[in-house]
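Input: a single structure, listed below in structure tokens.
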Amino acid sequence: MKIPPAKPLEILLVEDNRGEARLVEEALAEMEFPGNLSVVTDGVEAMRFLRRIGIYAAVPKPDLVLLDLNMPRMDGRAVLHEMKKDEELQKIPVVVLSTSQADDDVWTAYHLNANCYITKPVEMDQFIHVIQSIQNFWHTTARLPPSSPPET
């Protein structure tokens with residue numbers, strides 16, 4: 001059985017640090033990322049994007065969310081909680097990408113149904129490698145849920 005080629009991946013990056021967001025963009029560009037990266041800088045904007053409110057009314061639904069934990073206005077924990085209780089959003093995989101190595105943060109993220117928790121490496125080369133590994137896994141290895149339920 002031949003596996004169909006993966007469709008372009010829509011990624012939403014929720015990151016308040018512009019430098020780290022730029023590193024993600026560069027890592028994906030370096031590997032000729034087959035998809036689209038959207039960036040918002042806090043949890044309030046993330047929820048507007050995910051629910052397609054206001055200026056985000058026409059954005060595509062993300063296939064994957066890369067979520068920082070510590071942000072202004074609405075932190076990543078609150079975003080994760082809101083996503084996983086919303087029937088329209090709960091199937092979107094969420095990779096927590098945080099500088100925190102605290103067991104409490106890791107436990108909370110998984111308790112809130114994060115799909116993965118990754119501590120951001122400090123070294124730039126390692127950071128780029130991690131982003132490329134995330135993209136490779138979610139684009140070529142994992143099978144993401146379809147946009148709509150299968151017909152019965």
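Every number here is computed from the coordinates shown, using simple stated rules; none is lab data. All values reported here derive from a predicted model rather than from experimental measurement. Every residue, glycine among them, receives a Cβ derived from its backbone with ideal geometry; neighbour counts consider all protein chains shown.
Would you calculate, for the chain, the mean residue ellipticity at 222 nm contributed by helices, counting each DSSP H stretch of 4 or more residues as -39,500 (n - 2.57) and dividing by all residues, to the nearest 500? Please report the intermediate quantities before stating the final value.
Numbers: 5 runs with 53 residues, N = 152.
Result for the chain, helices only: -10500 deg cm²/dmol.
Per the Cauchy relation, a quarter of the hull surface: what is the mean projected area of the convex hull of the alpha carbons in the chain, in nm²? Don't jump to the answer; show the numbers that get you there.
Working: hull surface 40.9 nm².
Answer in nm², one decimal: 10.2.
So which chymotrypsin sites (Phe, Trp or Tyr not before Pro) in region 109-152 end up in coil per DSSP with only 14 or fewer other C-beta atoms within 10 Å? It would help to have the intermediate numbers written out before the result.
Details: sites: Tyr110, Tyr117, Phe127, Phe137, Trp138; in loops: none.
Listed in order of number, the matching sites amount to none.
Where in region 61-111 are there GluC sites (Glu not before Pro) that are in a DSSP coil and have at most 11 other Cβ atoms within 10 angstrom of their Cβ? Spell out each step's value before the answer.
Working: sites: Glu82, Glu87, Glu88; in loops: Glu87, Glu88.
When the GluC sites (Glu not before Pro) of region 61-111 are filtered for loop state and at most 11 Cβ neighbours within 10 Å, Glu87, Glu88 remain.
For the chain, set up a GNM with springs between Cα atoms under 10 Å and report which of Val79, Val59, Val24 has the largest fluctuation.
The residue that fluctuates most here is Val59.
For region 65-152, what does the alpha-carbon gyration tensor say about shape, rounded, prolate or oblate, given a ≥ b ≥ c as the root eigenvalues, a/c under 1.5 as rounded, and a/b over b/c as prolate? Walk me through the numbers on the way to the answer.
Working: a/c = 2.40, a/b = 1.25, b/c = 1.91.
Cα axes put region 65-152 in the oblate bin.
Points 7 angstrom from Cα along the Cβ direction at Ala29 and Ala58: gap in nanometres?
According to this spin-label approximation, the distance is 2.4 nm.
Among the GluC sites (Glu not before Pro) within region 1-71, which fall in a DSSP loop and have no more than 13 other Cβ atoms within 10 Å of their own Cβ? Write down the numbers at each step before the final one.
Working: sites: Glu10, Glu15, Glu20, Glu25, Glu26, Glu30, Glu32, Glu45; in loops: Glu15, Glu32.
Sparse-neighbourhood loop GluC sites (Glu not before Pro): Glu32.
Determine the distance separating the Cα centre of region 72-103 from the Cα centre of region 17-41; give it in Å without decimals.
19
Please list, in order along region 19-27, the HN-Hα scalar couplings obtained from phi with the Karplus expression 6.51 cos²θ - 1.76 cosθ + 1.60 (θ = phi - 60°), rounded to whole Hz, x for Gly and Pro.
Working through the residues one at a time gives x, 6, 5, 5, 4, 4, 4, 5, 4 Hz.
Please identify, among Gln101, Gln132, Gln90, the residue showing maximal mean-square fluctuation in a Gaussian network model of the chain using a 10 angstrom Cα cutoff.
Gln101
Give me a comma-separated list of calculated 3J(HN,Hα) values for region 117-130, in order, Karplus coefficients 6.51, -1.76, 1.60 applied at θ = phi - 60°, integers in Hz, x for any Gly or Pro.
10, 10, 7, 5, x, 7, 6, 4, 4, 5, 4, 4, 4, 4
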